[in-house]
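Everything below concerns the one structure shown next.
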Amino acid sequence: MTIAISQTDRLGANPFVVEGPIVPGSGVPGPNFSLGTVAGGDRESEWVYCQLVLASQTTLQPGQWFQWTRDYVASLLTTAAAVVGQRCGVFSGAAQPPTLTGGPVGAITLAPGTYYVWLQRNGQAPALVATATAALVTAETTTTAGQASAPASATATTKAIANVNFAAANQTFTATTVNGSNLLTSLSALNAGSGPFIGAAVSGTGISGGTTIAGITYSPSGVVQSITLSANATANGTGITITATGVLEATLMRPFLSKVN
């Protein structure tokens, strides 16, 4: 199972392009689509076109959770700000044309301003989760903006996110490490679509605690060639088992905030 990809490439609605910042009088058109417009792709994927107003510099990464109002104004999801009944979904990554990539797109840092983004509400997608104790559990909000959780049982006072489950509680693959290098190479037992994803925490022999995935290099055909870590490896190793957590493959089925736990 792999995450969904846009079927529109660079023509028409492209869910992976962030539009903006929109500045009145600048000549930059915005929005380019009606708010609430839906774009589709493979694996039952659907993205919704929403407005996003940022008061400060913000980095959006694949898997961040958003909610949006009936007017399609989006905001990063937190327990305190979550409104029961509102729809929600994830930011599945960003790319800026004419750059092409063979695999899932990555993070983007935005200055304060008004933007228009496509948020995924259906299909396979990366999802930012603090805890996932098992697959096929219902998600809930957390105090961290854009992050959900999927514990074995509901946490009191959080808001339940209905209609989402996870492929697994973590992802494992094998790689070669080189002491003093932040690159993982000779990768196996992974799929470009189902992860690992930028921002995921990784652990394994020769991997320092707190290390995350900072970048992923793909071939034109979408094969993962190497993974860049946030810290250098501390040992040489071949066929090392790496475990990735924190950004996991999820199946979205038009999620919404269903109740207070």
remark   = Across segment 146-164, the tally of residues that are in a strand (DSSP E or B) and open to solvent by less than 40 Å² (accessible area, probe 1.4 Å) stands at 8
remark   = In segment 127-145, anything farther than 14 Å from ALA200 by Cβ, part of a strand (DSSP E or B) and polar (S, T, N, Q) is listed as THR141
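For (1) open to solvent by less than 20 Å² (accessible area, probe 1.4 Å); (2) part of a strand (DSSP E or B); (3) at pLDDT 90 or above, each residue gets a yes or a no:
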{"residue": "ILE227", "(1), (2), (3)": "yes, yes, yes"}
{"residue": "THR234", "(1), (2), (3)": "no, no, yes"}
{"residue": "GLY239", "(1), (2), (3)": "no, yes, yes"}
{"residue": "THR243", "(1), (2), (3)": "no, yes, yes"}
{"residue": "LEU248", "(1), (2), (3)": "yes, yes, no"}
{"residue": "ARG254", "(1), (2), (3)": "no, yes, yes"}
{"residue": "SER258", "(1), (2), (3)": "no, yes, yes"}
query = Which one is surrounded by the fewest Cβ atoms within 10 Å (Cβ to Cβ), of the residues in segment 131-145 that are at pLDDT below 85 and not hydrophobic (A, V, I, L, M, F, W, C)?
reply = THR133
Lone qualifier among GLY210, GLY237, GLY199 - being farther than 21 Å from ALA145 by Cβ, touching a strand residue (DSSP E or B) at 6+ places or on another chain (Cβ under 9 Å) and of a type outside the set (A, V, I, L, M) = GLY237
ask   = So, of the residues in segment 55-66 that are in a strand (DSSP E or B) and of a type in the set (Ser, Thr, Tyr), which turns out to be nearest to the chain's Cα centre (by Cα)?
value = THR59
Count of segment 187-211 residues which are modelled with pLDDT of 85 or more, within 18 Å of VAL247 (Cβ to Cβ) and over 14 Å from the mean Cα position of the chain (by Cα) = 8
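The values are calculated or read from the model by the stated rules, or taken from the named source; none is laboratory data. Because the structure is a prediction, the values reported are computed rather than measured. Note that we place each Cβ from the backbone using ideal geometry, even for glycine, and neighbour counts take in every protein chain shown. Side chains included, ligands, DNA and RNA excluded: accessible areas come from the protein's heavy atoms. Shrake-Rupley method; radii C 1.70, N 1.55, O 1.52, S 1.80 Å.
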